[in-house]
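This report refers to the structure that appears directly beneath it.
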């Protein structure tokens, strides 16, 4: 009798412990879930630098403070091992945690809201059964007050979360519909490429027209001829998504390099073509990067050098003199990018003219400070950083970066220098900060003061009236 | 007007003093007449005849600036060699080089060629440097070997067949 | 910033050995303070220094590293006999080109990383010459593997192309972290030609990022400038590690010339003293000390630190400090060929014939290793071409021909330890008033005989097989600038300076790792062995400090 009870108890425990793990999802569903997780690029945010996949811990600088990604492995103690499929779906599409608290929209649930139930099911299967559990805690996100009051997100969601963001479009081809489903949904392009309003919501009327992402600028990818990618063919877009580079036009760095490494480079050709097809049908919006002017950002500049001013005179002299930008270029960049900015003859190291990275200023500064790191089927593209990192080839100062960037702009880019030293300092610090935080605090402070004043006024008046018995 | 004896004596003394002062100054203290600068445009004209390649005027300006310090007759020599080239209606160096007489003119012509090809004023360790990567010795072989310190290809992409000697790059 | 004046471990020298040890100690939670005689200089400055040099000076690897007055190093193309740093005597001149900057001499090394073979470490037992090492190859092998992964050393997976060769019973415990770099066209041709003579020209094991970034540094882009400086950091040099060490908590003090190591009454090391550029002296205390200054500066410092108890210098009860100075004597064959080879595609040293360094003949004479030097030839041939008085198309053709059709093949030899090959303190003084090193050197009959009966005859056969129309071979040995032997390792404290872990026999808390500890040279460049000794010393230091 006793052994029977022990046996039963063991059976129950076994059943419970495996409840979240081997719920018997078939291999096909799990594989489809893995593909969708790749398309959604969960790994990029939910994995720390050189960390275990999906175990969280990546600290992301947002305009309102640092956000730490969570452990989404099926660990029961530290991950989502206890999530039911409904809870998983609510987190993914409504931005609500299992404990009922809202998520910050750094998690792009406003995009994932587009995903179908079947796809959410497959994702759930993958995360419960296809991802190894990692029983390691991750520090919680602690944004400064009042951003840490998650309840305020409920109001934000009421204003800005559309739970069915993709409106029916029966006249569209299956390829277009698939492209839209991926671009607006899983691949969440708008999260980076759509500018945000004051309350950090995506401005739908400017969909994909370009936005700041930390120190980088996610450019205008609407088909506008001058300020967007109107001059790109669908095939070039596919090539870019697959390998991160279209020679003579652009190459991916920062978060886009990451997205290509972890996500786009591994998607099916048909899906990439669908995304390219859809993106090329977006409403064209004429919107350039701030200060970049309305010229086309591809096809600018030409080769050349200023070495006649520098050779035979000495490095220190070059660094003190009027040709600082040219001196920094020669000493730090020319070994790969060429004496005249032409890159290497095989085109592997890109030319700096006919290169959108040198047209505006944001991505130019960020490339210099942070480098490029992009792994695709073509290999591992790596430009080292020149900021404060331990592996910086040289630690360039704000003045040096500004001089360099201006030199590059004038010689290889749009022709006019627009970089200020403060721009470099801001990029080095992680990008522009939002005014939302200090203004929210000021606003709250003002509200509190206003309340106190009102209370005081009411009390004084009551005393004044009720003073006589 | 009577000249006082004092003033005569004093005057007589200043002359030797001045002479002593003058002669005791080291030679460079007395500014010698500067070797005249070679106008850059003329120097580039000469260079293009002696070196039949695309030449960077910024480098030419550096060489032209240094030339008088090494060849004080540079301006005259430039003019003379240009005249020879003109007389032969030369477009290429082979058209007229044999007509340049041995001696200072030929030396100067060789020096100009040396400066463009080596990027230096001399083969010595204390030479002036006009250019490194623009030195034509590197342009002659830029299709086949790196200019040291400048990347040649993408990672591990430099295997290639042996290039023929005859295929001189265009520059 | 707080001014530290002590740490658990004080490391003198920020070259490849000091830096490797520092990182091991920091990772083990031990505090590290590093003292560097010379300045901290940016890579950008060194690269531009190189580009601004006159063509005539571009072949001297020290030229783009002008020394600070307080930390002189040899400057071959600038020195006069009166102001030279090294005072050299003897039939062979022990000329060197080490760099006293933070990062040390790996700033300008080629990256060549040949392992020793088991026989290389047993010359006395196998051949009756030289010294045996204090341990065997099997003991060193795991450290070789660690060094290869630490520095990022690339090499072949095919055992037929590896060194040591598989038939020496020396299996590699770990594969190379990166595949070999491709040969340039000249190297391919050389490989073909020497195969016809029965020699294998194998890929050089080298500290260079091959086809991929490694250690957060970019891949090699074939800028062919490894010597004197890699512009992008694809070649490992110790300077690439300095910021990382600081991020791990190391304190690195530059322009600090250590001039005295202080031992106490119990002959334990208590402190080191250094001079700053204002000639003020500072004292740095620690629990344990590492001198990794290079094979000349370390014995020099030990000799300068003599005291009453150690009248011949610290760590010198054996009288071997400064003795047994060794290098790899080399002869360069300059060939004119009747077909284009085009040296200059890829890194500057990328392949070599190593099998000729081994054999029973080593009881009679030295072995040798042969390498096709892959430096771009323009700087070697330009003046000669211009001197021919050619102009126009003839000049272009001649420069192109000479660049393609000339080549240097280097014959690098081993040398035996000779106590008369000796570093002492000269009576010449440097800027700080410290004695300049004097070195007496004679490569010895063992090596001379090799040139006579072995290496030069092979070299001539190679030249002939290459179709050389002209061959010039150096008549005097030059040095390879691989400084070894001055603090030699051995089991017997009476005839060696350091023990099997590079700990000074005389001072329990003083370590002298690096080239100076090597008991034999073999023919291949010494850096990988030096770093492996450093890692072994680091392990011993960690054990020693934790055990204390």
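The values are calculated or read from the model by the stated rules, or taken from the named source; none is laboratory data. This one's a predicted model, so the numbers in the text were calculated from it and none came from an experiment. Using ideal geometry, Cβ is built from the backbone for each residue, glycine included, and neighbour counts are taken over all protein chains shown.
Out of (1) without any contact (Cβ under 8 Å) to a residue 60 or more places away in the chain; (2) in contact with a helix residue (DSSP H, G or I) (Cβ under 6 Å, 6 or more places away or on another chain); (3) within 14 Å of chain A (Cβ to nearest Cβ), what's the single condition that is false for residue B:116?
Only one criterion in (1) without any contact (Cβ under 8 Å) to a residue 60 or more places away in the chain; (2) in contact with a helix residue (DSSP H, G or I) (Cβ under 6 Å, 6 or more places away or on another chain); (3) within 14 Å of chain A (Cβ to nearest Cβ) is unmet by residue B:116, namely (1).
Going through C:218, C:228, C:177 one at a time, which residue ends up being touching a strand residue (DSSP E or B) at 6+ places or on another chain (Cβ under 8 Å) and buried (at least 24 other Cβ atoms within 10 Å of the Cβ)?
Values: C:228 fails: touching a strand residue (DSSP E or B) at 6+ places or on another chain (Cβ under 8 Å); C:177 fails: buried (at least 24 other Cβ atoms within 10 Å of the Cβ).
Matching residue, one of C:218, C:228, C:177: C:218.
Going through the stretch C:324-344 one residue at a time, which ones are within 18 Å of the chain's Cα centre (by Cα), more than 17 Å from residue C:459 (Cα to Cα) and part of a loop (DSSP other than H, G, I, E, B)?
Hits for the stretch C:324-344 are C:324, C:325, C:327.
Give me the pairs, please: first residue somewhere in the stretch A:351-364 and more than 24 Å from residue B:152 (Cα to Cα), second residue anywhere and assigned to a loop (DSSP other than H, G, I, E, B), beta-carbon distance under 6 Å, and either six or more positions apart or on two chains.
The qualifying pairs are A:359/A:297; A:359/A:300; A:359/A:413; A:359/A:414; A:360/A:289; A:360/A:292; A:361/A:418; A:361/A:419.
So in the stretch B:139-154, with the set limited to residues that are more than 7 Å from every other protein chain (Cβ to nearest Cβ) and within 24 Å of the chain's Cα centre (by Cα), which one is nearest to residue C:213 (Cα to Cα)?
Among those that are more than 7 Å from every other protein chain (Cβ to nearest Cβ) and within 24 Å of the chain's Cα centre (by Cα), it is B:147.
Please state which of the following conditions residue C:37 fails to meet, knowing it meets all the rest: (1) surrounded by fewer than 19 Cβ atoms within 10 Å (Cβ to Cβ); (2) in contact (Cβ under 8 Å) with a residue 24 or more places away in the chain; (3) in contact with a helix residue (DSSP H, G or I) (Cβ under 9 Å, 6 or more places away or on another chain); (4) part of a loop (DSSP other than H, G, I, E, B).
Failed condition: (1).
Residues of the stretch C:186-225 being under 20 Å from residue A:348 (Cα atoms) and outside any loop (DSSP other than H, G, I, E, B), which ones? It would help to see each step written out before you state the result.
Initially, the stretch C:186-225 is screened for residues under 20 Å from residue A:348 (Cα atoms), giving C:208-214, C:216-225.
Selection gives C:208, C:214, C:217.
Considering (1) within 19 Å of residue C:118 (Cα to Cα); (2) in contact with a strand residue (DSSP E or B) (Cβ under 6 Å, 6 or more places away or on another chain), say which one residue C:167 fails and leave the rest.
Against the list (1) within 19 Å of residue C:118 (Cα to Cα); (2) in contact with a strand residue (DSSP E or B) (Cβ under 6 Å, 6 or more places away or on another chain), residue C:167 comes up short only on (2).
So which residues in the stretch C:388-402 are in a helix (DSSP H, G or I) and within 41 Å of the chain's Cα centre (by Cα)?
Here is the first cut: in the stretch C:388-402, the ones in a helix (DSSP H, G or I) are C:392-402.
Correct list: C:395, C:396, C:397, C:398, C:399, C:400, C:401, C:402.
Out of the residues in the stretch A:299-316 that are surrounded by fewer than 18 Cβ atoms within 10 Å (Cβ to Cβ) and outside any loop (DSSP other than H, G, I, E, B), which is nearest to the chain's Cα centre (by Cα)?
In this case the residue turns out to be A:316.
Determine if the stretch A:408-431 includes at least one residue that is within 14 Å of chain C (Cβ to nearest Cβ), more than 18 Å from residue A:213 (Cβ to Cβ) and assigned to a loop (DSSP other than H, G, I, E, B). Give the derivation first.
If we filter the stretch A:408-431 for residues that are within 14 Å of chain C (Cβ to nearest Cβ), which is where we start, we get none.
Looking for residues that are within 14 Å of chain C (Cβ to nearest Cβ), more than 18 Å from residue A:213 (Cβ to Cβ) and assigned to a loop (DSSP other than H, G, I, E, B), one finds none in the stretch A:408-431, hence no.
Need the failing condition index for residue C:106 against (1) closer than 22 Å to residue C:528 by Cβ; (2) assigned to a loop (DSSP other than H, G, I, E, B); (3) more than 14 Å from chain B (Cβ to nearest Cβ), just the number.
If we test residue C:106 against (1) closer than 22 Å to residue C:528 by Cβ; (2) assigned to a loop (DSSP other than H, G, I, E, B); (3) more than 14 Å from chain B (Cβ to nearest Cβ), just (2) comes out false.
Anything in the stretch C:151-163 that is buried (at least 21 other Cβ atoms within 10 Å of the Cβ) and in contact with a helix residue (DSSP H, G or I) (Cβ under 8 Å, 6 or more places away or on another chain)? List them, or say none.
C:151, C:153, C:155
Looking at (1) over 17 Å from residue C:232 (Cα atoms); (2) surrounded by fewer than 20 Cβ atoms within 10 Å (Cβ to Cβ), which is the only condition residue A:380 fails?
(1)
Go over the candidates C:418, C:408 one by one and state the one that is buried (at least 17 other Cβ atoms within 10 Å of the Cβ), assigned to a strand (DSSP E or B) and modelled with pLDDT of 95 or more. Full working, then the answer.
Values: C:418 fails: assigned to a strand (DSSP E or B).
Step by step, each of C:418, C:408 is checked, and only C:408 is buried (at least 17 other Cβ atoms within 10 Å of the Cβ), assigned to a strand (DSSP E or B) and modelled with pLDDT of 95 or more.
Looking only at the stretch A:246-269, which residues are outside any helix (DSSP H, G or I) and at pLDDT below 95?
First, pick out the residues of the stretch A:246-269 that are outside any helix (DSSP H, G or I): A:246-253, A:263, A:267-268.
Selection gives A:246, A:247, A:248, A:249, A:250, A:251.
Any idea which of (1) more than 7 Å from every other protein chain (Cβ to nearest Cβ); (2) within 19 Å of residue B:60 (Cβ to Cβ); (3) surrounded by fewer than 23 Cβ atoms within 10 Å (Cβ to Cβ) is the one residue B:103 doesn't satisfy?
(2)
Consider residue C:504 carefully, then state whether it is within 22 Å of residue C:369 (Cβ to Cβ) and at pLDDT 95 or above. Let's see the steps before the verdict.
Details: within 22 Å of residue C:369 (Cβ to Cβ): no; at pLDDT 95 or above: yes.
No; evaluated as a whole, the condition is false for this residue.
Picking from C:246, C:270, which residue would you name as being out of contact with any helix residue (DSSP H, G or I) (no Cβ under 6 Å at 6 or more places or on another chain), more than 14 Å from every other protein chain (Cβ to nearest Cβ) and outside any loop (DSSP other than H, G, I, E, B)? Write out each step before concluding.
Details: C:246 fails: more than 14 Å from every other protein chain (Cβ to nearest Cβ).
Criteria check complete, one pass: C:270.
Only one residue in A:289, A:342, A:296 is in contact with a strand residue (DSSP E or B) (Cβ under 6 Å, 6 or more places away or on another chain) and more than 10 Å from chain B (Cβ to nearest Cβ), so which one is that? Give the steps one after another, and end with the answer.
Values: A:342 fails: in contact with a strand residue (DSSP E or B) (Cβ under 6 Å, 6 or more places away or on another chain); A:296 fails: in contact with a strand residue (DSSP E or B) (Cβ under 6 Å, 6 or more places away or on another chain).
Testing whether each residue is in contact with a strand residue (DSSP E or B) (Cβ under 6 Å, 6 or more places away or on another chain) and more than 10 Å from chain B (Cβ to nearest Cβ) leaves just A:289.
How about the stretch C:349-375: which of its residues are in contact (Cβ under 8 Å) with a residue 60 or more places away in the chain, surrounded by fewer than 24 Cβ atoms within 10 Å (Cβ to Cβ) and within 14 Å of chain B (Cβ to nearest Cβ)?
Across the stretch C:349-375, the qualifying residues are C:349, C:375.
Evaluate the stretch A:369-376: report whether one residue or more is part of a helix (DSSP H, G or I), farther than 22 Å from residue A:320 by Cα and in the same structural domain as residue A:333 (by TED's automatic domain parsing). Spell out the reasoning first.
Initial filter on the stretch A:369-376 (part of a helix (DSSP H, G or I)): A:369-370.
Going one step further and asking which of them are farther than 22 Å from residue A:320 by Cα, we end up with A:370.
If we keep only those that are in the same structural domain as residue A:333 (by TED's automatic domain parsing) as well, we get A:370.
Yes, some residue in the stretch A:369-376 is part of a helix (DSSP H, G or I), farther than 22 Å from residue A:320 by Cα and in the same structural domain as residue A:333 (by TED's automatic domain parsing).
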